[in-house]
Every structure is written in C-alpha cells, then in structure tokens.
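Below is one structure, written out as structure tokens; comments come after it.
The values are calculated or read from the model by the stated rules, or taken from the named source; none is laboratory data. From a predicted model like this one, the values you see are computed outputs, not experimental measurements. We place every Cβ from the backbone using ideal geometry, glycine too, and count neighbours over all the protein chains shown. Accessible surface areas use protein heavy atoms only, side chains included; no ligands, DNA or RNA. Shrake-Rupley method; radii C 1.70, N 1.55, O 1.52, S 1.80 Å.
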Amino acid sequence: MRSRRERSGRWRVRRRFRAVALALATLVAVTVPAVATAQPQTVRVGVYENEPKIFTITDGEARPSGIFPNLLQQIAEEEGWTIVWVHGTWDEGLRALEKGEIDLMSDVGYSAERDEVYDFHQIAVLNNWSCIYTTPEARIDEMAALNGRRVAVLAGSIQETIFSQMAEKSGYDIGIVPASSLKEVFELTANGTVDAGIANNLFGDYFRQEYGLARTSIVFGSVPFYFATQEGQNADLLEAIDAHLSTWIRDSDSVYYQTLDRYLTSQPPTRLPSWAVWAVGVITALLAVSLIGMVLLRWQVRAKTRYLEAANEATAQAEETLRLALEASHEGIFDWYPGTGEIIWSPRSYTMLGYEPDEFTMDIKTYMDLIHPDDKEPITEKLGQITANGLPFSIEFRLRCKSGDWLWTNGRGMAVASDAQGEVQRVMGTNTDISERKQAEEELEEYKVSLEDLVEERTRELKESNTELTDANAAKSQFLTTMSHELRTPLNSIIGFSGLLTSGLVGELSQEQLFQIGMIQDSGRHLLELINDILDLSKVEAGAVVVHPSRIKPAEVISAIMESVRPLAVQKGLELRAEIPQEQTTIETDKDRLRQILLNIVGNAVKFTTQGEVSVRFECLDGKQVMFRVSDTGPGIPADEIAHVFDAFHQVEQKSGALLGGTGMGLAISQDLAHLLGGEITVTSAEGKGSTFTLILPIACIPQD
Ligand code: ADP
C-alpha cells in the first residue's frame, strides 16, 4: 500500500513514461483504429447519489448523470469501453469495489486510509472541500457557535472523519448525526432536526437554495476526488483516465471544462409534483391550442390588416379628393365645438380673410369679434338656433379682413354630434366668399332703381306727348273740318256755275269756251273729291266716325255696287261676276262703311282693268268671320309697291301711262274703315295677271230665318 505522498513522488517518473505511452497510444489509435475496437472492454462502474457530481436520472430507464459519469462516458467512447453502471448507496459502492464486483467506483475522495484499500489515478477529477450549511436564521459562523448543537453529516464520508476530528480537537460539545445521503443531511437541517449540516461545496451550493439553507463561513478539508479501483486491479483503466484528464485540463475548450460548466453553473432542475406534471401537460395542450388559435388569429389579423390598409388607402384617397375638391371650390371649412367654444378653421378660411393659415387660434369669441356690427345680432340669433335644434343653416354676413375691409361670406352647416341630452356638441360647415355675388346684386339693385326712375320719367313724357298728340289731332280735325267747309262752299259754286254755263241756259258759248269751262268743272269736281276724301280720312283718324251696325244682306250690298260700276265696265267691255254661295245670309255690320270700302275696291278693279273680268265673292268662313274678295284680271301691282298701296296719297304709276284719276286716298280710307269694323284688308297681286283684295270682318253669318 502506498501513501499519497509516495504516489506524488512517483508521479513525476510515471508522467514521463505516460507521455510516451500516450503518444504511442495516439499513434496506434490513428494508424490502427481497429485494434481499439477489436476487443471491446466492459467496465463496471459504481454509481451513488451526490448531485451534481454523480446522480441518477429516473425518468423511464434509470441512467447516471453528473460530472463523473459524463467524463467517464466520454473516456469510454474514446477508449472503446462498454460501461455497465451499477447503482447503489455510497457504502454499497465501496463494498462492491472491495469485493471486485465493480471495476471503478466514482467520486472517491482521497485519504491515506482509503489509499490503503483502493488505487487512485493521478490527476484529480475535481477538488472538493466541505462546508457547513444552516438555515439563514441560525447565524453560525464559527466553531464556537456549534457548541451544544447537532450537526448532520453523510455517514462514512471523508467529511465525517475530518469533522469528528475537528470537533474533538475544539473541545466543544458538538453532536454528530449521521445521515444516509447528502439530501438527507439537508432535509434534517432544513426541518430543524439538526442545527447544521455538512456537505461538499459542490452539492451544497447546488442545492442550498432548494432547501432554503445558507452557507456559513466554516469551511474545511479540501479533498481531491478520483475514480478508484480495487487495490492492484485495473491499472489500465486508471492510466487511461489520467491520459484523458491531462489532455483535457490543458485545453480550456475541452469536454472536461464543458462538463464542469454544465453541472456546476446550472441550478438544480426543479422537482415538479405530479399535479404540476399534469398542469404542464394541460398547459402544453392549451399552448398548442393557443398556438393554432394564434396562427389563425395572425392570419385573420393579416387579412384584417390588408383590409384596413386598403380601407386606409381608400380613406386617404377620399381625403385627398375632398381636399382637392375643397381647394378647387374655394370653400373654407369650420369645425365648431359649442361646449368649449373652440373653432377649428381650414387654411382657406384664414386665407379668405387675408391671413396666413393658422395665423391665430380661432374660437367663438374671436369669431364674433370679426363679424360686422350690423350682422352680429342675426348671427347670434342663428347660432342660438343651431345649438338648440342642430338643423342645417345658411346665413350671409360680413367678416373683417386683415386689411380692415369687410368680406361678404355665406356660412352653411349643421350639427354633426350631440350628447345624450340632445345638446349639440359639434357643428361643421363651410364658409364661402360671396363678395362678387353681393357686388353684382348691389349693382343690379342700382340698375333696377335707375331703370324704374327712367320708366317713370318716360311714362310721364309719353303721357304729356300723348296729350299733346290728342290735342294736335283734335286741332287738325278742327282745322280740316273748317277748311273743308270753307273750301267746299266756293268749290260747289264753281262746279254749279260752270255747269250752268255749259248747260247753255245763260247764253250760247263757243266750242272753245265750252271746252275751257268743262276743264274748270272737272278740276272743281276732282278738288271736291279730294277734299271729301281728306275729310273722311281725318274724321276716321280723329275717331270722329261712329259705327252704326245693322242687319244687312251681303248679296244685296254687292249687287248695288255692281250696278253702280256697271256703266264703266260695259264701257270697257269687262265682265262683272258675283259669287255668293250663301245668297240669303245676313250679317250685322255698318252698312254705309262696308259699302264705302267695297265700292272703293271694286271701283279700283274696274278702273285699272282693261280687259277680262272683275269678280266679287262673299263667303261665311268658320262661323266667326266673313270674307269679301274682289279679283280682277288687271295689270297687277309691282311687288315693291304692294306694301305702300294702303298709304295715303300713294298712287302706283301705271305702265300704260294712262291717267285714271283718283286721289291715292281710297285704299287708305278703306283700310281705316275696315279697322273701324274690327277687320282687315289684304292684297295679293301678280304683275300682268291681276290683283285680289280681300276684306275679312270678324262677324258671324246669321243663319237664315
Ligand atoms: P286711287 O284714288 O288712286 O285709286 P287708291 O288708294 O284707291 O287711290 O289706290 C292706290 C293705288 O293703288 C292706285 O293709284 C293704283 O295704282 C293701285 N291700285 C288700286 N287698286 C288696283 C287694282 N285693282 N289694280 C291695279 N292697281 C290698283
């Protein structure tokens, strides 16, 4: 049996040998890999519970975990060993090793006594020291504090040996309570069965939080830990372990450090009660359902987002369109909150008055200050109505511009929001610049007034001139009547005396005298005719002719006229024809005036026609009118003369140059008389073919009795 010191001395010699052996082994492994795997070696390893150094995971099949199993597993894989893990307590493990039932025992702390019984490899897997743990309230930080107290320790452990010696040396009365596992040590400490518990720093720091314990400042016995074999057995295993450890320890990225990191820095896995496992299951299921829900939700959100984006886009477009429309329309917008008096104005509302957009903050008071003094009252009244009934409104009023000028505007709008009590909360609308329209209206009003004045003035003038005209007409008639009388008296004397002379009753006259006196008589007659016509015309025009209607038979009137013109017609070889379909018909009109008209027209026809015929036709038209039509086959009237044949004193020059007599007054008088009877004379004529004069009177034919 060798002491540890001896082993240390030997180590330096063996290290050289091992370096050579390792190099050889590596060479063999590289060049002849089949050798290592050709004869797989089974290694039985003892496992006990000392988490995190070594422990058993029992979910399903029991398998070892922790620093020792992890490293050994790594070595076994590289060496081609097959490991058989043999689980048991610490004591069981040691006994099995002694009996050769296992090849290696894990986590064996070195001591001189143990070195007698087991063999260790050279490089410690890890160094461990012991620590005293207590509940935080116990406040134990020196050995003296343990006097009269009980301390739990793992039975048969190095700690037990060392602490027993320490307690003995200190002379304090410390009760040592053996426990079967380090967990039991902590359980006894945590539940108050003992005052303190001893554990290696690895286990202690790993589990103290779980048991609610704190580390004290009492630390002792730093001990290296190894795999151990039965004395004199399995030296190859120990050597292989050393070879790997020496390589790993030099390489900070090696599996050795990874393993230490994994087991020493992580917290112990939280032990879950069975209900918690169920809860975890249920939660997992719920999570799965939630996940599906979430995926669906996300899909929906995405669809909704797309929809919202499209809607937003549409809204933005609509807003832009509205903005452009408003810009184009030159309307200002207002948004009024009667509750607070706040008013929001669009930029156009400001610029309309010559201000910069947002040049000042608008509210109801500022707004009222801008309103023309004369418009304030109606506006106040209107605003009152709007806030009371919220109905659409439109009002025209003046606002003061920045320049001080007044601008006519039209405010239109309506309530857009009311509270539960029906109180109007928000009113929106537009302001329109109507100054141009107002100016046009004012100008129009001015025109209207001046036009009315003008009309009044002209009417007055017209009345005056009308009176003058009436007076003048009356004076003219008076003059003509007087003159006619005064002319007719000497004329009648001239005609009478010239007739007396030509009759031979006052003595024989020579042929020449007869001819001369005949000329005097003809001229006298023509003058008389002229005077009579002038008198007739002026009488009609002066309104001095009175109509005396009576029942007459047109056939009789026409027949009488025919007779009076017959001598001339016979003389000229003309045929006279009367066409009277309703011969017995009677009408009611002024017989003398009618005869005067017809005699003139028929007389003209006979007078101007040189051959052919003259016809007179009477007809009852549609029951409301009667027609007299005189047609001839005379020379006709040139087109440019037709319009003038009814003018007084107008005579159409005859192509034949014949002098046919007349005064040019006949048709003028006839037309005036026709008007007097409510009718009208019209003429159609074709030069060289004849003329037709038509008299229409607005009277009905009276059916025959
Ligand atoms: P007058 O006394 O000269 O007949 P009227 O007023 O009766 O005056 O007629 C005006 C002119 O109209 C005549 O001078 C004649 O030139 C023309 N006129 C009237 N009737 C006829 C007719 N039937 N045929 C041709 N010319 C006519």
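Mean projection of the alpha-carbon convex hull of segment 81-240 over all orientations, in nm²?
Details: hull surface 38.9 nm².
Quarter of the Cα hull surface area: 9.7 nm².
Would you mind classifying segment 296-342 by shape? Square roots of the alpha carbon gyration tensor eigenvalues, ordered a ≥ b ≥ c; an a/c under 1.5 is rounded, otherwise it is prolate if a/b is larger than b/c and oblate if not.
Values: a/c = 9.15, a/b = 1.82, b/c = 5.02.
Oblate shape, in that a/c is at least 1.5 and b/c is the bigger or equal ratio.
Which of the peptides 103-111, 618-626, 82-90, 606-614 is most tightly packed, and how do the rest follow, going by the mean number of other Cβ atoms within 10 Å of each residue? Intermediate values should be presented prior to the final figure.
Values: 103-111: 23.3, 618-626: 14.9, 82-90: 16.6, 606-614: 18.3.
Ranked from most to least packed, the peptides come out as 103-111, 606-614, 82-90, 618-626.
Equivalent-ellipsoid semi-axes (√(5λ), Cα gyration tensor) for segment 207-347, whole Å, largest first?
On the way: eigenvalues 1137, 103, 97 Å².
In descending order, the three semi-axes are 75, 23, 22 Å.
Ordered by packing density, taken as the mean number of other Cβ atoms within 10 Å over each peptide's residues, highest first, how do 560-569, 70-79, 254-263 rank? Before the final figure, lay out the partial values.
On the way: 560-569: 14.8, 70-79: 18.5, 254-263: 16.6.
Final packing ranking: 70-79, 254-263, 560-569.
Among 441-447, 539-545, 691-697, how do they line up by average Cβ neighbours within 10 Å per residue, starting with the highest?
Details: 441-447: 10.4, 539-545: 15.9, 691-697: 20.4.
Order by mean packing, descending: 691-697, 539-545, 441-447.
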Under the rule of at least 5 residues apart or a separate chain, name every residue whose amide H is placed under 5 Å from the amide H of residue 621.
626, 627
So what J values fall out for segment 431-436 if you push phi through Karplus, 6.51 cos²θ - 1.76 cosθ + 1.60 with θ = phi - 60°, rounded to Hz, Gly and Pro as x?
10, 10, 6, 10, 4, 5
Could you give the dipole magnitude of segment 32-271 about its Cα centre, charging the beta-carbon of Lys and Arg +1 and that of Asp and Glu -1, in debye to the nearest 20?
620
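If you keep only loop residues by DSSP, which GluC sites (Glu not before Pro) in segment 113-192 have at most 11 other Cβ atoms within 10 Å of their Cβ?
Working: sites: 113, 116, 137, 142, 160, 168, 184, 187; in loops: 142.
Those satisfying the criteria are 142.
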Using θ = phi - 60° and the Karplus relation 6.51 cos²θ - 1.76 cosθ + 1.60, list the HN-Hα couplings for segment 608-614 in order, rounded to whole Hz, with x at every Gly or Pro.
8, 8, 9, 8, x, 8, 10
Where the chain is the region considered: accessible area per residue in Å², 1.4 Å probe
57
Residues of type aspartates and glutamates that residue 591 reaches as a straight line, Cα spacing below 18 Å, ignoring anything fewer than 8 places off in the same chain
536, 556, 563, 583, 619, 672, 680
Sequence neighbours fewer than 8 away in the same chain don't count; with that in mind, list the lysines whose C-alpha is under 16 Å from residue 53.
183
Could you please state how large a percent of the accessible area of the chain is carbon and sulfur, counting protein chains only and using a 1.4 Å probe?
55
Solitary cysteines of the chain, where the nearest other Cys Cβ is not under 4.7 Å
131, 401
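Can you tell me the equivalent ellipsoid semi-axes for segment 439-540? Use √(5λ) from the Cα gyration tensor, largest first, whole Å.
Details: eigenvalues 743, 30, 9 Å².
Over the Cα atoms of segment 439-540, the ellipsoid semi-axes are 61, 12, 7 Å.
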If Rh is defined by the Kirkwood formula over all Cα pairs and Rg also comes from Cα, what ratio Rg/Rh do you get for the chain?
1.73
If you take the charge dipole of segment 439-540 about its Cα centre, with +1 on Lys and Arg Cβ and -1 on Asp and Glu Cβ, which of 459, 532, 517 is farthest toward its positive end?
517
Row for segment 501-618, column shape: gyration tensor on C-alpha, a ≥ b ≥ c, rounded if a/c < 1.5 i.e. under 1.5, prolate if a/b over b/c, else oblate; value oblate
Taking a 27 Å limit on the Cα-Cα distance, which of the listed pairs 463/624; 99/169; 476/607; 376/438 fall beyond it?
463/624; 99/169; 476/607
Computed curve, segment 330-433, Cα-only Debye sum without solvent term, log₁₀ I(q)/I(0) at 0.12, 0.16, 0.23, 0.24 Å⁻¹, is -0.36, -0.65, -1.36, -1.48
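Quick one: dipole size for the chain, taken about the Cα centre, charges +1 on Lys/Arg Cβ and -1 on Asp/Glu Cβ, in debye to the nearest 20. Walk me through the numbers before you get to the answer.
On the way: 64 positive and 100 negative charges, 656 e Å.
Rounded to the nearest 20 debye, it is 3140 debye.
Could I get the Rg over Rh figure for segment 111-206? Both from C-alpha atoms, Rh via Kirkwood, rounded to two places.
Numbers: Rg = 14.1 Å, Rh = 14.1 Å.
Rg/Rh for segment 111-206 comes to 1.00.
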